[in-house]
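**Student:** Once you've had a glance at the structure underneath, I'll fire off some questions.
Derivation of every value follows stated rules applied to the coordinates shown; laboratory data play no part. The structure presented is a predicted model; accordingly, all values stated were derived computationally and were not measured. Here the Cβ positions follow ideal geometry from the backbone for every residue, glycine too, while neighbour counts run over all protein chains shown.
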Amino acid sequence: MPTRRDFMKVAAETAVGTSICAILAEDVFAMAVQHAFEADSSKASTHAAFGLDGLHGEAAKKKMFFGSATSEDRIISDIPYRTALVKECGIIVPEYEMKWDIMRPSATTYNFADADFMINFARQNGLAVRGHTLCWHRALPSWFASTVNSRNAAQFLTEHIATVCGRYKGRIHSWDVVNEAIEPTDRQTNGLRNSPWFQLLGESYIETAFRAAHQADPAAILVYNEYGVEFDDTIRTDAIVNLLRRLKARNVPLHALGVQGHIRAADKAKFAANMQRFRTFLREVATLGLSIIITELDCDDTGLASSITTRDEGVGGMYGDYCSVVMNEPAVIGIITWGLTDKYTALNSTNPRSDRLPQRPLPLDANMVRKNAWYALEYWFKNTMQRPRQTITSVAEERVAPIQRLRCIPNTQQSECEIQFTLERSEDVLLRLVDVRGQDVQILAQARFEAGEHRFMLNYAAFPIGTYLCILQSPSFLVSEKILLQK
Ligand code: 9MR
């Protein structure tokens with residue numbers, strides 16, 4: 001029997017779960033319902049249908065994109081968060097679900113469930129997806145060290161990439177193929193990090209990874225993703241540019257640099273002092289013919305006083321300074337923040353404040369309220385130059401699976417409503433009626449139904465008149481029908 005979580009997943013995968021209804025006014029509710037019946041889940045129609053005015057909406061006017069890192073549990077469990085995510089973002093990136101430690105429970109098996117959920121959620125809400133990450137020195141599974149050796153490492157790497165990229169072929173806007181391969185303080189050749197992959201394969205692992213990714217998904221934008229380029233560390237930035245140059249010289253399929261953008265508000269003066277060098281670095285990368293994506297922007301507020309106003313102004317100011325550099329570089333095509341709301345920032349565990357107050361590094365606060373950082377991004381999306389072409393359209397925007405037919409036919413004289421649905425195969429089904437606030441009014445059925453047509457009679461004499469939503473869901477689909485119940 002499917003669990004509640006299975007049903008919740010399906011609700012979360014659609015733009016019209018109780019979630020949306022719970023907070024939107026009735027006219028928007030009506031549009032949401034209509035949207036559920038427009039099987040076309042293209043981003044444009046989603047954002048138009050909901051009349052969204054979030055950051056991606058602004059970015060898209062300049063042919064850029066805005067999105068954020070997210071994860072499965074918070075999408076499933078947190079309705080206001082999920083709503084804000086769909087409203088603000090045009091693209092999401094799984095913070096965990098596509099890393100080796102989640103995808104590879106053993107050397108011979110794959111866990112696709114979590115990544116599949118993210119892909120389906122994105123698809124059904126008209127969002128693009130960044131894949132993160134195919135080759136990294138961290139988040140490796142526990143079996144890795146004792147199983148992967150210099151004889152089989154290339155095989156492990158190429159097989160993993162072929163399998164994962166192949167599975168999501170056409171569904172991924174851009175892949176972080178290799179993550180954080182430079183660390184000059186490790187004192188290896190070419191400033192490369194002394195990572196397990198480097199130890200096993202030498203520098204060639206980087207090229208191997210990009211070639212495997214391109215072969216498996218030729219349409220995806222392939223990204224080398226790196227941090228620590230904003231400040232006065234030219235040994236580091238030179239090593240990065242030289243790596244990119246070597247890869248381009250060898251015709252490696254590399255399309256963009258990912259600049260993570262983990263910054264600190266307390267580094268404002270340091271950032272200002274190095275702005276020109278940061279600009280030059282971005283120019284150098286652009287000159288190699290690469291696009292640039294800001295992939296993990298957040299602004300650590302440690303070092304700022306406890307006051308919320310002080311921190312929000314400090315963080316917002318730093319977002320503004322950062323944007324004044326990156327938005328003025330035409331090669332920068334989009335911005336992703338590492339989380340959307342302070343509620344889920346990883347910084348509270350990786351770098352807690354000394355006063356133990358939760359950090360405020362992201363565009364929305366823990367109640368999904370827009371902060372200075374949000375307005376700084378909005379300002380810069382409004383004031384940046386239009387990019388020459390829309391890169392986000394490289395995402396395959398398929399039609400969602402054919403819906404299971406659901407019809408509701410009210411009979412006002414009898415205060416009854418006939419509910420009919422047709423299943424293409426035998427399914428565990430939940431059929432329920434919710435009000436415009438998304439509250440369950442009645443569970444009409446929760447059972448296994450055979451393929452074919454089914455009918456229910458709902459007596460609504462005791463219900464207040466008004467608009468309701470009839471929802472039919474199973475672990476694999478969710479459809480809904482708006483009903484106006486009058487007497
Ligand atoms: O934010 C992520 C944190 O919650 C994870 O524990 C960690 C390991 O999987 O990864 C963090 O995200 C990192 C990203 O994957 C790569 N760049 C640095 C990010 C912050 O550490």
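**Student:** What residue among 215, 458, 337 has its Cα farthest toward the positive end of the dipole of the chain, where the charges are +1 on Lys, Arg and -1 on Asp, Glu, each on the Cβ?
**Tutor:** 215
**Student:** Which residues in segment 129-148 have a backbone N closer than 13 Å to a point placed 7 Å from the Cα of residue 107 along the Cα-to-Cβ line?
**Tutor:** Those under the cut-off are 142-148.
**Student:** Let me ask you something else. Taking 35 Å as R0, compute the FRET efficiency from the Cβ-Cβ separation of residue 116 and residue 354 and round it to 0.05.
**Tutor:** 0.30
**Student:** In the neighborhood of residue 193, defined by Cβ-to-Cβ distances under 13 Å, what is the net charge if each Lys or Arg adds +1 and each Asp or Glu adds -1?
**Tutor:** -2
**Student:** Going by a ≥ b ≥ c, the root eigenvalues of the Cα gyration tensor, does the chain fall in the rounded group (a/c under 1.5), the prolate group (a/b larger than b/c) or the oblate group? Before the final figure, lay out each step's value.
**Tutor:** Values: a/c = 2.24, a/b = 1.61, b/c = 1.39.
In terms of gyration-tensor shape, prolate.
**Student:** Could you work out how much longer the chain between residue 143 and residue 457 gets when fully extended? Use 0.36 nm per residue separation minus the Cα distance between them, nm to one decimal.
**Tutor:** Contour length minus Cα-Cα distance gives 107.5 nm.
**Student:** Obtain the nm distance between the two label points defined at residue 238 and residue 369 by a simple spin-label model: each point lies 7 Å from its Cα along the Cα-to-C-beta direction.
**Tutor:** 4.9 nm
**Student:** Sequence-distant or interchain residues sharing an amide H contact under 5 Å with residue 219, placed H: which?
**Tutor:** For residue 219, whose amide H was placed from the backbone, the distant partners under 5 Å are 170.
**Student:** What residues qualify as long-range amide H neighbours of residue 152, i.e. H under 5 Å apart, gap of 5 or more or another chain, H built at 1.01 Å from N?
**Tutor:** When sequence neighbours closer than 5 places are left aside, there are no close amide H contacts.
**Student:** For segment 145-188 and segment 324-388, compute the distance between their C-alpha centroids and round to whole Å.
**Tutor:** Here the answer is 28 Å between Cα centres.
**Student:** For a Förster distance of 45 Å, can you work out the FRET efficiency between the beta-carbons of residue 413 and residue 383, rounded to the nearest 0.05?
**Tutor:** 0.15
**Student:** Among 173, 137, what is the fewest-to-most ranking by other Cβ atoms within 10 Å?
**Tutor:** 137, 173
**Student:** To continue, here is another question. Between residue 187 and residue 248, what length comes free when the chain is fully extended (0.36 nm per residue of separation minus the Cα-Cα distance, one decimal in nm)?
**Tutor:** That works out to 19.6 nm of additional length.
**Student:** Which percentage, to the nearest 5, of the DSSP beta bridges contained in segment 159-278 is antiparallel? Don't jump to the answer; show the numbers that get you there.
**Tutor:** Numbers: 1 of 10 bridges.
Given both bridge residues lie in segment 159-278, the antiparallel proportion sits at roughly 10 percent.
**Student:** Then there is this: Set the bar at 24 Å for Cα to Cα. Now go through 61/371; 99/169; 248/382 and name every pair that lies beyond it.
**Tutor:** Among 61/371; 99/169; 248/382, the Cα-Cα distance tops 24 Å for 248/382.
**Student:** Find out how many positive minus negative residues lie around residue 96, taking Lys and Arg as positive, Asp and Glu as negative, among other residues whose Cβ is under 9 Å from that of residue 96. Each step should come with its number before you reach the end.
**Tutor:** On the way: positive: 99; negative: 72, 95, 97, 101, 114.
With Lys, Arg at +1 and Asp, Glu at -1, the neighbours total -4.
**Student:** Ignoring everything except DSSP H segments at least 4 long, calculate the 222 nm mean residue ellipticity for the chain; use -39,500 (n - 2.57) per segment, divide by total residues, nearest 500.
**Tutor:** -11000 deg cm²/dmol
**Student:** Subtract the Cα-Cα distance of residue 276 and residue 420 from 0.36 nm times their separation in residues, and report this length gain in nm to one decimal.
**Tutor:** In short, 45.3 nm is gained.
**Student:** Please label the shape of segment 153-194 as rounded, prolate or oblate, based on the square roots a ≥ b ≥ c of the eigenvalues of the alpha-carbon gyration tensor (a/c under 1.5 means rounded; beyond that, a/b larger than b/c means prolate, else oblate).
**Tutor:** Note, shape of segment 153-194 comes out oblate.
**Student:** For segment 240-272 and segment 427-487, what is the centre-to-centre distance using only Cα atoms, to the nearest Å?
**Tutor:** 51 Å
**Student:** Starting at the first residue of segment 177-193, write each ³J(HN,Hα) from the Karplus equation 6.51 cos²θ - 1.76 cosθ + 1.60 with θ = phi - 60°, in whole Hz, x for Gly and Pro.
**Tutor:** 6, 10, 10, 6, 8, 9, 7, x, 5, 6, 6, 9, 3, 6, x, 6, 5
**Student:** List the residues whose amide H sits under 5 Å from the amide H of residue 334, counting only those 5 or more places along or on another chain, with H placed 1.01 Å from N in the peptide plane.
**Tutor:** 65, 294
**Student:** Arrange the following residues from fewest to most other Cβ atoms within 10 Å of their Cβ: 187, 236.
**Tutor:** By the 10 Å Cβ count, ascending: 187, 236.
**Student:** What does the net charge come to around residue 179 if you take all other residues with beta carbon closer than 11 Å to its beta carbon, with K and R at +1 and D and E at -1?
**Tutor:** Counting the neighbours of residue 179, the net charge comes to -1.
**Student:** For each of 283, 193, count neighbouring Cβ atoms within 10 Å of the residue's Cβ, then give the residues from fewest to most.
**Tutor:** Ranking 283, 193 by Cβ neighbours within 10 Å, fewest first, gives 283, 193.
**Student:** Mean Kyte-Doolittle of at least -0.5 and a Cα length of 20 Å or more along the axis: which whole DSSP H helices of the chain meet both?
**Tutor:** Membrane-span-like by this criterion, though nothing is claimed about a membrane: 153-167, 234-249, 268-287, 308-326.
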